[in-house]
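Peer 1: What follows is a single structure, and I will ask about it in a moment.
The values are calculated or read from the model by the stated rules, or taken from the named source; none is laboratory data. Keep in mind that this is a model prediction, so the values were computed, not measured. Note: ideal-geometry Cβ built from the backbone for every residue, glycine included; neighbour counts use all protein chains shown.
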């Protein structure tokens, strides 16, 4: 016999319809608390980031002194930057050289030390992580002044080299050595951050995967390039992005260590921006430099994101 369905009793109240958690009036009611909780952070972001950004764009179209009335000059600041200011191109070249050297050496050394700390293990690994991270949280100006004392012609470094019978170079008075000194000081200051981040990424790799590679006979080098590096590539990509951005913003190191010298050998974009704004009383031109730097960093970051699929492996 065919099964029969009993009709619903007359006057029965239908079950209430449940609303989706992603739509309907419930979602609209929940929007106000979310907006209230987000408002302090969004207000701070608008006041301290968005508004100054837009104001600096407006100022870049003016001849704007620290004291006195500004004068609208249109695109003259940008024209002068590209065609009439040789120091801009020199500072751009110096910034690019510093960014390439600093980023490459920072990532290679930090990655090698992180892998070594993973194999070291135990309390000594924690001790060395803290030791490498200490320069990151110390004042950069103080570190730069210490390095300046060490790298003087009669500083500690040259005295140690003289004890070995090696004549020390003029670290801060020769263009090539001055740039190298800038890179070394910046590495000592900032490398600990990447060591911590890469170490956390390595710690997130499943031990069973590493143990399987050992059982299969993979040595430390082969295991690193075939197992660790592909699984760590998202973390390396993040460190690359942050390190490149930080390298283009370098200011305190050349300001305190070399003062942009000798000549303009270590004059960077941000140092050139600072001098035009606060030493030469040209806030409009300094704002134009800031926007060119902003666009340059955004383009390089976009290029890095466009190439990540070639070498970054994300877990499915």
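Peer 1: Would you check if residue 192 is more than 30 Å from residue 314 (Cα to Cα) and either at pLDDT 90 or above or not in a helix (DSSP H, G or I) (or both)?
Peer 2: So residue 192 does not fit the description; no.
Peer 1: Mind telling me which of the residues 96, 92 ends up being touching a residue at least 60 places away in the same chain (Cβ under 8 Å), surrounded by 13 or more Cβ atoms within 10 Å (Cβ to Cβ) and either in contact with a strand residue (DSSP E or B) (Cβ under 9 Å, 6 or more places away or on another chain) or in a helix (DSSP H, G or I) (or both)?
Peer 2: On inspection, the qualifying residue turns out to be 92.
Peer 1: Quick check on this structure: which one of 113, 57 is over 20 Å from the mean Cα position of the chain (by Cα), surrounded by 14 or more Cβ atoms within 10 Å (Cβ to Cβ) and part of a helix (DSSP H, G or I)?
Peer 2: 57
Peer 1: Among the residues in the stretch 145-163, are any closer than 19 Å to residue 247 by Cα and either without any contact (Cβ under 8 Å) to a residue 12 or more places away in the chain or touching a helix residue (DSSP H, G or I) at 6+ places or on another chain (Cβ under 8 Å) (or both)?
Peer 2: yes
Peer 1: Inspect all residues belonging to the stretch 229-249 and state whether any of them is at negative phi, out of contact with any helix residue (DSSP H, G or I) (no Cβ under 9 Å at 6 or more places or on another chain) and at pLDDT 85 or above.
Peer 2: Taking every residue of the stretch 229-249 in turn, at least one turns out to be at negative phi, out of contact with any helix residue (DSSP H, G or I) (no Cβ under 9 Å at 6 or more places or on another chain) and at pLDDT 85 or above.
Peer 1: Scan 257, 299 and give me the residue that is at pLDDT 95 or above and part of a helix (DSSP H, G or I).
Peer 2: On the way: 257 fails: at pLDDT 95 or above.
299 is the lone residue from the list that is at pLDDT 95 or above and part of a helix (DSSP H, G or I).
Peer 1: Hey, among the residues in the stretch 271-289 that are surrounded by fewer than 20 Cβ atoms within 10 Å (Cβ to Cβ) and part of a helix (DSSP H, G or I), which one's farthest from the chain's Cα centre (by Cα)?
Peer 2: Looking at the filtered set, the residue picked out is 279.
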